[in-house]
Amino acid sequence: MTSPRGQGSANQGANQSGWLDRRLLFFTGKGGVGKSTVAAAAALFAAERGKRVLLVEVDAKGNLSALFEHAPVGFDPVEVYPGVHAMQMHTEASLREYLKLNLKVPVFGRLGPMARMLEFVATAAPGVKEILTVGKVCWEVRESIEGRADWDLVIVDAAATGHVLAQLDSPRAIRELVQVGPVRTQTGSMVELLADPAITALNVVTTPEEMPVNETIDLVAAARADIDVPLGSVVVNRVLPEPFTHADEPVFAALRDPRAEAALSAQVGAGARAVVDAAGLAVALRRSRAVHLARLRESVDLPLVYLPYLFVRDHGLRVTRMVAEALADELGA
Ligand SMILES: Nc1ncnc2c1ncn2[C@@H]1O[C@H](COP(=O)(O)OP(=O)(O)O)[C@@H](O)[C@H]1O
Ligand SMILES: [Mg+2]
């Protein structure tokens, strides 16, 4: 398959960024750009290369397991594909697990009043809910580094651009709030893990369109300025194929020539003109997207990974596989 950039070459930058060498990959992006699709494809890509992957969906309303044609999953990881376990984040379940591990007392059933208390505390102290999400993710990574959990790689289908920085920064925020005791030690260890470029990368998914590109540029700048989590790659999803090049322009010009048009119409009817116009539209659409792509390239100094627009109707395992294959082409792996 030729590269969707139309250059046909492997992306050396992305290759060097080593997705599979890390232990924790976050995927964020503007809603609807394909964050979940890319996170699922990354998990499949890693699993096919022998990694044991934990895929974490942060959005409680999402249905990531559907991308593996598997029934919905909950807080407990379920194998949805050979080598890929998926789980859905749930802050109350995360709190219950935390209390069980740290206070050594089992918390039975629903937390009830505790959940209301959590609501209360979370409203009063920003970062509390977020840390239950990030804390669970960091805990799984730490457990696996220390040999107590099986994951080689934890992949997070994270919050959208508007919320992800607050989420990733929550351990630092809480650490500032709580100066002593075990919570301080734990948040300190999370901050360390999230800041380690050998372990963690924050990847941004986007599309070659105005708003997603704007959000990506802003997010990358804000991530650099405000948080201590290393950036990985920008995944440009839904890149249109390039059916025509500049070399084809004389052909278009010739087809638009009134004599050629008349001859074609005489042979095949008015449909000939419609086909030429449609081809022209495809070129114009790709060019308008190319402007946003160029702006992204100029403004963001990160490896770009390009994924093609897939013209398919349903989005199950077959599409997850196709995106994973495109990823493999791009990452040169
Ligand atoms: N490369 C692609 N080509 C065509 N459709 C895509 C592609 N990537 C994602 N989609 C579709 O776009 C929609 C949004 O994707 P999704 O991964 O759910 O986005 P997000 O998680 O960012 O909201 C879905 O219907 C998905 O199947
Ligand atoms: Mg999603």
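Just one of (1) small (Gly, Ala, Ser); (2) surrounded by 14 or more Cβ atoms within 10 Å (Cβ to Cβ); (3) under 21 Å from residue 240 (Cβ atoms) fails for residue 284. It is (2).
Anything in segment 18-34 that is out of contact with any Cys (no Cβ under 9 Å at 6 or more places or on another chain) and either within 9 Å of ligand 2 (Cβ to nearest atom) or modelled with pLDDT of 95 or more (or both)? List them, or say none. Break it down stepwise before answering.
The first filter runs over segment 18-34 and keeps only residues out of contact with any Cys (no Cβ under 9 Å at 6 or more places or on another chain), leaving 18-23, 25-34.
Across segment 18-34, the qualifying residues are 22, 23, 25, 26, 27, 28, 29, 30, 31, 32, 33, 34.
Apart from one condition, residue 239 fits all of (1) out of contact with any Leu (no Cβ under 7 Å at 6 or more places or on another chain); (2) surrounded by 11 or more Cβ atoms within 10 Å (Cβ to Cβ); (3) within 18 Å of residue 309 (Cα to Cα); the exception is (1). Just one of (1) among the aliphatic types (A, V, I, L, M); (2) in contact (Cβ under 8 Å) with a residue 24 or more places away in the chain; (3) farther than 19 Å from residue 299 by Cβ fails for residue 231. It is (3).
In the set (1) in a helix (DSSP H, G or I); (2) at pLDDT 90 or above; (3) crowded, with 17+ Cβ neighbours inside 10 Å, the condition left unmet by residue 96 is number (2).
Any residue at all in segment 200-220 that's among the hydrophobic types (A, V, I, L, M, F, W, C) and over 19 Å from the mean Cα position of the chain (by Cα)?
First, pick out the residues of segment 200-220 that are among the hydrophobic types (A, V, I, L, M, F, W, C): 201-202, 204-205, 211, 213, 217, 219-220.
Then drop every residue that is not over 19 Å from the mean Cα position of the chain (by Cα), which leaves none.
There is no residue in segment 200-220 that is among the hydrophobic types (A, V, I, L, M, F, W, C) and over 19 Å from the mean Cα position of the chain (by Cα).
Got at least one residue in segment 249-272 being at pLDDT 90 or above and among the aromatic types (Phe, Trp, Tyr)? No, segment 249-272 has no match at all. Note down all Cβ pairs under 9 Å where the first residue falls in segment 49-77 and is free of Cβ contacts under 8 Å to residues at least 12 places away in the same chain, the second is surrounded by fewer than 18 Cβ atoms within 10 Å (Cβ to Cβ) and part of a loop (DSSP other than H, G, I, E, B), and they're at least six residues apart or on different chains. Listed pairs, sorted by first residue: 63/72.
Look at residue 36 and say whether it is of a type in the set (Ser, Thr, Tyr), farther than 26 Å from residue 166 by Cβ and within 16 Å of ligand 1 (Cβ to nearest atom).
On the way: of a type in the set (Ser, Thr, Tyr): yes; farther than 26 Å from residue 166 by Cβ: no; within 16 Å of ligand 1 (Cβ to nearest atom): yes.
Against the criterion (of a type in the set (Ser, Thr, Tyr), farther than 26 Å from residue 166 by Cβ and within 16 Å of ligand 1 (Cβ to nearest atom)), residue 36 does not qualify.
Just one of (1) more than 12 Å from ligand 1 (Cβ to nearest atom); (2) farther than 30 Å from residue 164 by Cβ fails for residue 241. It is (1). Just so you know, in segment 65-84 the residues that are closer than 23 Å to residue 329 by Cα and within 15 Å of ligand 1 (Cβ to nearest atom) include one that is surrounded by the most Cβ atoms within 10 Å (Cβ to Cβ), and it is 67. It is to be established whether one or more residues within segment 275-294 are touching a helix residue (DSSP H, G or I) at 6+ places or on another chain (Cβ under 9 Å) and in contact (Cβ under 8 Å) with a residue 60 or more places away in the chain. Looking for residues that are touching a helix residue (DSSP H, G or I) at 6+ places or on another chain (Cβ under 9 Å) and in contact (Cβ under 8 Å) with a residue 60 or more places away in the chain, one finds at least one in segment 275-294, hence yes.
One residue stands out in segment 40-56 among those that are farther than 21 Å from residue 145 by Cβ and surrounded by 24 or more Cβ atoms within 10 Å (Cβ to Cβ): the one that is farthest from ligand 2 (Cβ to nearest atom), namely 45.
If the condition is being within 16 Å of ligand 2 (Cβ to nearest atom) and part of a loop (DSSP other than H, G, I, E, B), then segment 311-333 contributes 315, 316.
When segment 283-321 is limited to residues that are over 18 Å from residue 38 (Cβ atoms) and β-branched (Val, Ile, Thr), the one that is modelled with the lowest pLDDT turns out to be 283.
The values are calculated or read from the model by the stated rules, or taken from the named source; none is laboratory data. As the structure is a computational prediction, the values presented were derived from the model and not from experiment. Positions of Cβ are backbone-derived with ideal geometry, glycine not excepted, and every protein chain shown enters the neighbour counts.
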